Amino acid sequence: MAITDEKDEQQTDAEEGVGEASSELGAETEALATTSEESTTDDGDEDEEGAHTLGSERYVHAAFFVAGILAAYIASKTLVLAWNSLANWPAAVRAVPALVALGEEQRDSYAMVAGAGVGAITVIQAYRKENVRTWANEVAAELSKVTWPNREAVLNGTLVVVVASAIATVYVTILDRIWSFLTTLVYGA
């Protein structure tokens, strides 16, 4: 009888352990489901959550993208300028008649494509350099620590600057008129 009582106690303890583990698992599953429901609301919170996980790195990627566009634009304009200059140079046209085979509008189109290629290659090469990426990440991390002013502070600051500028303008205008009057009295008209 003692053996069966002992087996019953072990079985009861095991069932309680399974029950506790099951209830803990159920609580964790419920918490995950609640978190999942909160992050996928129709308000677009999921996009914000994704943006927060990138942190300051999203600014780095945006800066590289803008730098690529700027490099493409500059390269495109430089290529068009060089091509048009060579097309107007008679010695270059005699050496390479293909310079004038295309009109100026077509040159712009080809130069834009070539500029986009130059911009993409420039950004990719810069992004692949570890020291450039580290520097950009450090700059973005420091900028993310900045406490930016709210709308009211910006409006108040702007108002102070406008009023101070107006007062300084009136003051300088009055001094100019007085100095002009005194100069006219001393030197005559």
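For region 75-137, the percent of C-alpha pairs falling in each 10 Å distance bin, counted from 0 to the bin holding the largest distance, reads 21, 34, 22, 14, 8, 0. Note on L86: accessible area approximately 70 square angstrom, rounded to 10, probe 1.4 Å, nucleic acids and ligands left out. All other residues whose Cβ lies under 12 angstrom from that of A63 are scored, Lys and Arg at +1 and Asp and Glu at -1, for a net of +1. In the full protein context, region 109-152 carries 81 Å² of accessible surface per residue, based on a 1.4 Å probe and ignoring ligands, DNA and RNA. What distance in nm separates the simple spin-label points at N88 and E138, each placed 7 Å from Cα in the Cβ direction? Spacing of the two 7 Å Cα→Cβ label points: 4.6 nm. Positive end of the dipole of region 59-176, charges at C-beta (+1 Lys, Arg; -1 Asp, Glu), about the Cα centre: which of G157, L143, M112 has its Cα farthest in that direction? Value: M112.
Kirkwood's formula applied to the C-alpha pairs of region 77-189 gives a hydrodynamic radius of 21.4 angstrom. Given a 1.4 Å probe and the protein chains as shown, T184 ends up with an accessible area of around 70 Å².
The values are calculated or read from the model by the stated rules, or taken from the named source; none is laboratory data. Just so it is clear, the structure is predicted and the values come from calculations on it, not from any experiment. Here the Cβ is made from the backbone with ideal geometry for all residues, glycine too, and neighbour counts use every protein chain on show. Side chains are part of the model used for accessible areas, which takes the heavy atoms of the whole protein and leaves out ligands, DNA and RNA. Shrake-Rupley method; radii C 1.70, N 1.55, O 1.52, S 1.80 Å.
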